[in-house]
Structures are given as structure tokens and as C-alpha cells.
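**Q** First the structure, then my questions, so here it is.
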Amino acid sequence: MGRLVAIILLLAAASIRCHTEILPGYSTVDSVASRLEQLPLCPAEGIWQMATDGGLFAIERADFSATETMPLELRLTVIRSPQRRVRPGSVMGTARPTVKPGVYEARLNTRIADIGGLELPRRFLLTVSNEGATLTIEPFKSPIKFNLLRMIPYLYRAVRLQDSRPQGLDGAVRIYPAPEVNPLTPVYL
């Protein structure tokens, strides 16, 4: 009897860990765009395309009944993903506005679950450009740092590994509503 209870608890814990919310109405870009037309949009709301892999996602208010121009919580939802296991309508995460205009603190799921959704939320900072055409996504840095080189004799402490990749390169480009200027189109003089 005790083993049966333990197995049931393990299965319940596994289903909670892998639970991902998949919403209806995200099969086409047009269905999401028509829903976004109904309400006034904050700077982050719209349909965005990832610059690296072409994945499409929507940022919209979590509470559709709210009509204020600055919603308290935004929901990020997958429309089309380059990964076949991620289904349209999978909730990527949520975002909340900060005191800086166009800057949002987000909790985004970062791993593909076994059942085709997303899991493992992490904290990110979303920044909408002044023109509203691009969205920069930057992860929060971990407050814990562990340096294995401290355990090695002093001669090897001079070696330090640094990330040389510039910040602000990861993000998305706005698809809807269409921005005034397309940042990916070259300007010919």
C-alpha cells in the first residue's frame, strides 16, 4: 500500500512539473491580429518574430476584459515555432511593466516539455525600442557565482573566462501592428 501511494505521488509530481498551458485561438496570425485590434495596445502588445529562428509569438494582456492602456500583466504565447514539439498556443510566460517606459520584467519558460509545451521558467528583461519595432530579451544574471579556479594554486588564478558576446543582440521584431520603420530592411541612400 505504501509503494502504491509513493508511485501515485511521484506521478502527480511529474504531471505538475510537465504541466503546460496550451490556449486555443493561436493557429493563425490573422486570428491573433483580429483579437488585438479590439483593445488599445500598450507598447509591448502585438505579434513578434524572433530574429534568430523566425518563431512567432504574441504578447497580449492576460485579462481581456481590462480596457486600460497599461495592463498589469501580459501573456506571451507561441503562434509558430521552429521546434515541431512546441504547439501553437503554448504559453511562453508572463511579463509585468516596470517603472521605466517600454521595459518589462518577464518569467519565460526556457525548456521544451515532453508533452509539447514549455517549462522551466526563468527571469528576463524585455525592452521595447523607442520606435516600437524591436524587442530586446536579456536574461537576469544569477546572483550566485562559483569560481573553480579559486581551488587551484595561485598561478592559475590569472586565467578568467569572460563572455565576449555583446549584450542586446537577442530579441524579436514586431510584425503586428506594423512599425513605422522596419529594422531589418536596408535603407538605400
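**Q** Place a label point 7 angstrom from the Cα of Arg123 along the Cα-to-Cβ direction, then list the residues of the stretch 84-105 whose backbone nitrogen is under 11 Å away.
**A** Hits in the stretch 84-105 for Arg123 at 11 Å: 105.
**Q** While we're on this one: With a 1.4 Å probe and every protein chain left in place, work out the accessible area per residue of the stretch 24-122 in Å², rounded to a whole number. Write down the numbers at each step before the final one.
**A** On the way: 5160 Å² over 99 residues.
Ligands and nucleic acids excluded, the result is 52 Å² per residue.
**Q** What number comes out for the charge environment of Gly117, summing +1 per Lys or Arg and -1 per Asp or Glu over other residues with Cβ under 11 Å away?
**A** On the way: positive: Arg85, Arg87, Arg111; negative: Glu21, Asp114, Glu119.
Around Gly117, the charge tally is 0.
**Q** Another question, then. Local charge sum around Glu180 (other residues, Cβ-Cβ under 13 Å, Lys/Arg +1, Asp/Glu -1)? Working shown, then result.
**A** Numbers: positive: Arg174; negative: Glu131.
Surrounding charge for Glu180 is 0.
**Q** Another question, if that's okay. With a Förster radius of 22 Å, plug the Cβ-Cβ distance of Asp63 and Arg107 into 1/(1 + (r/R0)^6) and report the FRET value to the nearest 0.05. All intermediate terms of the calculation are to be shown ahead of the outcome.
**A** Values: r = 17 Å, r/R0 = 0.77.
Efficiency, from the Cβ-Cβ distance: 0.85.
**Q** Same structure, new question: Rounded to the nearest 10 Å², what accessible area does Arg35 have for a 1.4 Å probe in the complete protein model?
**A** 70 Å²
**Q** Report Rg(Cα)/(2.2 N^0.38 Å) for the stretch 22-112, keeping two decimals. Could the numbers behind the result be given before it?
**A** Numbers: Rg = 12.8 Å, N = 91, 2.2 N^0.38 = 12.2 Å.
Here the Cα radius of gyration is 1.05 times the empirical estimate.
The values are calculated or read from the model by the stated rules, or taken from the named source; none is laboratory data. Everything quoted here is computed from the prediction, not taken from an experiment. Don't worry about glycine lacking a Cβ; one is built from the backbone with ideal geometry, like all the others, and counts go over all protein chains shown. Heads up: the accessible areas ignore ligands, DNA and RNA and are worked out on the full protein's heavy atoms, side chains in. Shrake-Rupley method; radii C 1.70, N 1.55, O 1.52, S 1.80 Å.
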